[in-house]
Amino acid sequence: MQVSGQKIVVLGTGGTIAGTAADAADNIGYKAAQVGVRDLLASIPALRLAGGGAVEAEQVAQVDSKDMDFDIWKQLALRCQHHLDNPAVRGVVITHGTDTLEETAWFLQEVLHCAKPVVLTSAMRPASALTPDGPQNLMDAVALALAPDVRGVFAVAAGEIHGARLVQKVHPYRVNAFASGDGGPMGWMEEGSVRWAPNIAVGHESKGRIAIDLIANSVVTPRVEIILSHAGAQGRMADALVRDGVQGLVVACTGNGTIHHALEDALLRAQSAGVRVVRATRCIGGQVLPKPGDLWVDSRGLSPVKARISLMLDLLAAS
Ligand code: SIN
């Protein structure tokens, strides 16, 4: 699609960026998702000047992102696609909690037809903090959405740009809470300008792997759970999940996709009962390297939480 407009749409979903605490010195005892996205924007006068673009706000949800769910994802994806399809819109920015931001980013990457930027941003400190990080993150996200030739789903925080596939929250407190494992950031935001890391390609239109119509028309959400393989793991949890109607299991495996033998036996039973099994590694970096004789497919580098999303969408597509 031709991008003619300069309008940036900011979709609010809640999070710490919209959080408030009783005491400005308190960076952890706050309540997330208290300030509406329009008020957030109004509190950053400099934003209106960024790149000369018009900024418009829409509240899609107002949640602490630990409570994010498929229904909100669906609503968010449909609103994103609606705005992306509008020639007057240059890009979409989403304010989000840090805790599940990487999951939302991956869900959107899987379903959006994205010839424009979709930039998720967040904060580790509430809006009421003495030195909140949200305003700068929001300014950076808008600046990235206005930058030339940016297409696809990104996360921006603490001056770093991350892609939807690799981004992961890696710290529960510090302001630079995100990383992209072995890949590192895709680039950096510096005074409203983008500096891409070497050899980064961002100019390609990204077509969602799963048709967004499928999401729009879905009534039931496929049930996929994550199960952890660890020392002393047993098969009872997997057996119980199968009895409870689970349709897919993502195993957060040890090392290169290995699974405790007791859990492996239970997964074979689950597979016989028709449950799809996918292996991801619980290691923070790297990915499972497939080898002959593997019992189950691997997540092709997706973390367990992202592999869960892709398996849910696969099951939806197959239903
Ligand atoms: C949330 O994820 O909504 C709360 C935590 C945060 O945004 O940092």
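Note on the chain: GNM, Cα springs under 10 Å; of Lys169, Lys291, Lys74, the largest mean-square fluctuation is that of Lys291. Annotation: Arg308 carries an accessible surface of approximately 60 Å², with a 1.4 Å probe and no ligand, DNA or RNA atoms counted. Kirkwood radius, the range 7-207, all distinct C-alpha pairs, inverse of mean reciprocal distance: 16.3 Å. Please give the Cα centre distance for the range 289-305 versus the range 172-211, rounded to the nearest Å. Distance between centres, Cα-based: 24 Å. Based on protein heavy atoms only, the chain ends up with 45 Å² per residue of surface accessible to a 1.4 Å probe. For the range 77-152, the relative contact order comes to 34 percent (Cα pairs under 8 Å, sequence separation of at least 6). Note on the range 263-319: semi-axes of the ellipsoid equivalent to its C-alpha gyration tensor, largest first and rounded to whole Å, are 19, 16, 10. Gain on full extension, evaluated as 0.36 nm per residue between Ala317 and Leu268 minus their Cα-Cα distance, stands at 15.3 nm.
In a reduced charge model with +1 at each Lys and Arg Cβ and -1 at each Asp and Glu Cβ, the chain shows a dipole moment near 400 debye about its Cα centre.
Once you order the gyration tensor axes a ≥ b ≥ c over the Cα atoms, which shape class does the range 221-318 get: rounded for a/c under 1.5, otherwise prolate or oblate by comparing a/b with b/c? Oblate is the answer for the range 221-318, as a/c is 1.5 or above yet b/c matches or exceeds a/b. The tail of the calculated P(r) for the range 97-170, taken as Cα-Cα distances beyond 19 Å, holds 33 percent of the pairs. An oblate overall shape is assigned to the range 91-135, the ratio a/c of its alpha-carbon gyration tensor axes (a ≥ b ≥ c) being 1.5 or greater and a/b not exceeding b/c.
All other residues whose Cβ lies under 13 angstrom from that of Ala164 are scored, Lys and Arg at +1 and Asp and Glu at -1, for a net of +1. For the chain, with all protein chains in place and a probe radius of 1.4 Å, 52% of the accessible heavy-atom surface sits on carbon or sulfur.
The values are calculated or read from the model by the stated rules, or taken from the named source; none is laboratory data. Keep in mind that this is a model prediction, so the values were computed, not measured. Note that we place each Cβ from the backbone using ideal geometry, even for glycine, and neighbour counts take in every protein chain shown. Ligands, DNA and RNA are excluded from the accessible area calculation, which covers all protein heavy atoms including side chains. Shrake-Rupley method; radii C 1.70, N 1.55, O 1.52, S 1.80 Å.
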